[in-house]
Amino acid sequence: MLLKTLREHFYTSLKEDYPETEIQSFFNLLSECFLKMKGYEIPLNLYASISGKKTEKFDNAIKRLKKQEPIQYIMGVTEFYGLSFKVNENTLIPRPETEELVQWVTEATSSTDTISILDIGTGTGCIAISLAKHKPDATVYAMDVSKKALAVAKINAKLNEVNTEFIEFDILDWEHNAPEVGLENKTFDVIVSNPPYVRALEKADMSANVLKHEPALALYVEDDDPLVFYKAITDFAAKNLKANGRLFFEINQYLGEEMVQLLEKSGFGAVELKKDMFGNDRMVSGIKKP
Ligand SMILES: C[S@@+](CC[C@H](N)C(=O)[O-])C[C@H]1O[C@@H](n2cnc3c(N)ncnc32)[C@H](O)[C@@H]1O
């Protein structure tokens with residue numbers, strides 16, 4: 001099939017499901033992924049012949065897009081902080097807001113090179129691996145309760161050529177689990193986390209592709225205890241951060257003030273709340289008082 005015909009078939013098949021600009025963006029991304037052809041090369045190669053195997057890949061993508069599956073899962077990769085990450089249905093797709101969290105940690109720790117960093121709820125490993133890449137002298141640890149997410153994170157560490165130590169761990173039961181994985185007396189200079197924080201009441205604002213396809217384990221908390229992960233991580237950090245060590249969180253935009261109070265009452269000083277590029281309260285940090 002000619003590329004021109006394939007493109008027409010792709011646009012026609014999805015025109016009831018997505019706006020044209022989005023279909024164009026999907027086609028460009030998939031062409032780069034399946035045909036190794038950049039967006040600007042498509043109009044120059046409209047009469048190129050595309051093999052049956054490759055057109056099948058586009059047909060399969062059309063079927064998945066019709067089910068509102070995120071394009072990142074269909075391609076199996078995404079970009080985060082200038083690096084490439086494998087993603088699948090067991091991992092949250094890394095978000096641009098989280099890149100801002102990584103940027104904050106990177107800037108705030110630039111003077112100390114040989115620090116130890118722990119990322120809690122690592123998913124694809126995007127935070128831990130980006131920090132390891134930009135701080136080659138740091139020792140980076142990453143934990144998650146999900147075996148399947150950790151398997152993806154380990155592949156991503158290899159792909160990005162960093163040494164990160166991965167730990168299977170349930171942070172909600174940290175006091176009980178810490179001795180088993182050697183974390184009872186281990187201390188860190190930095191703890192960073194983007195834990196689950198979406199309340200059921202916020203699901204109405206979310207798009208179908210997130211609701212239907214991204215892992216519930218990575219996203220949701222109960223309406224009546226939305227800070228459950230933040231409380232557990234703050235308690236863990238109060239014990240396992242070094243004196244003057246720093247805790248960084250990505251947060252639910254509606255719970256900024258509650259987060260500041262939580263850190264202040266848990267023995268953290270210099271508490272700072274930061275907005276993301278969209279102007280929403282999105283990150284908080286505090287320093288453990290000596
Ligand atoms: C919001 S996602 C963040 C993933 C990744 N760090 C990112 O920023 O894209 C939260 C992660 O926490 C993990 N998680 C959920 N419950 C957990 C628990 N009890 N202990 C440790 N990790 C948990 C999920 O598997 C998921 O990978």
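In the set (1) under 30 Å from GLU89 (Cβ atoms); (2) among the hydroxyl-bearing types (Ser, Thr, Tyr); (3) away from the ligand (no atom under 13 Å from the Cβ), TYR197 fails one condition alone, (3). When GLU175, GLU161, GLU168, GLU180 are screened for being of a type outside the set (Ser, Thr, Tyr), more than 8 Å from the ligand (Cβ to nearest atom), surrounded by fewer than 13 Cβ atoms within 10 Å (Cβ to Cβ) and within 16 Å of ILE120 (Cβ to Cβ), only GLU175 passes.
I need a count of the residues in segment 133-152 that are under 18 Å from TYR81 (Cα atoms) and either over 15 Å from the mean Cα position of the chain (by Cα) or part of a loop (DSSP other than H, G, I, E, B) (or both).
Residues of segment 133-152 that are under 18 Å from TYR81 (Cα atoms), as a first pass: 133-136, 138, 140, 142, 152.
Checking the rest, the ones that are also either over 15 Å from the mean Cα position of the chain (by Cα) or part of a loop (DSSP other than H, G, I, E, B) (or both) come to 133-136, 138, 140.
Residues that pass the stated criteria total 6.
Residues are listed down the side, and each one gets a yes or a no for (1) of a type outside the set (Asp, Glu); (2) closer than 18 Å to ILE167 by Cα:
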| site | (1), (2) |
| --- | --- |
| ASN185 | yes, yes |
| PHE188 | yes, yes |
| ASP224 | no, no |
| VAL228 | yes, no |
| THR234 | yes, no |
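Could you grab me the full set of residues in segment 15-62 that are aromatic (Phe, Trp, Tyr), surrounded by 12 or more Cβ atoms within 10 Å (Cβ to Cβ) and not in a helix (DSSP H, G or I)?
The one that is aromatic (Phe, Trp, Tyr), surrounded by 12 or more Cβ atoms within 10 Å (Cβ to Cβ) and not in a helix (DSSP H, G or I): TYR18.
Just a yes or no: is a residue in segment 153-161 among the hydrophobic types (A, V, I, L, M, F, W, C) and either in a loop (DSSP other than H, G, I, E, B) or under 26 Å from PHE278 (Cβ atoms) (or both)? The answer is no, given that none of the residues of segment 153-161 is among the hydrophobic types (A, V, I, L, M, F, W, C) and either in a loop (DSSP other than H, G, I, E, B) or under 26 Å from PHE278 (Cβ atoms) (or both). Only one of the listed residues (ALA138, ALA108) is in the same structural domain as LYS239 (by TED's automatic domain parsing) and in contact (Cβ under 8 Å) with a residue 60 or more places away in the chain. That residue is ALA108. Looking across segment 82-99, not a single residue is touching an Asp or Glu at 6+ places or on another chain (Cβ under 7 Å) and away from the ligand (no atom under 11 Å from the Cβ). Of all residues in segment 207-222, those satisfying the criterion of being within 13 Å of the ligand (Cβ to nearest atom) and assigned to a loop (DSSP other than H, G, I, E, B) are GLU214, PRO215, GLU222.
The values are calculated or read from the model by the stated rules, or taken from the named source; none is laboratory data. Computed from a predicted model, the values in this text were never measured in an experiment. Cβ coordinates were reconstructed from backbone atoms using ideal geometry, including for glycine residues, and neighbour counts include every protein chain displayed.
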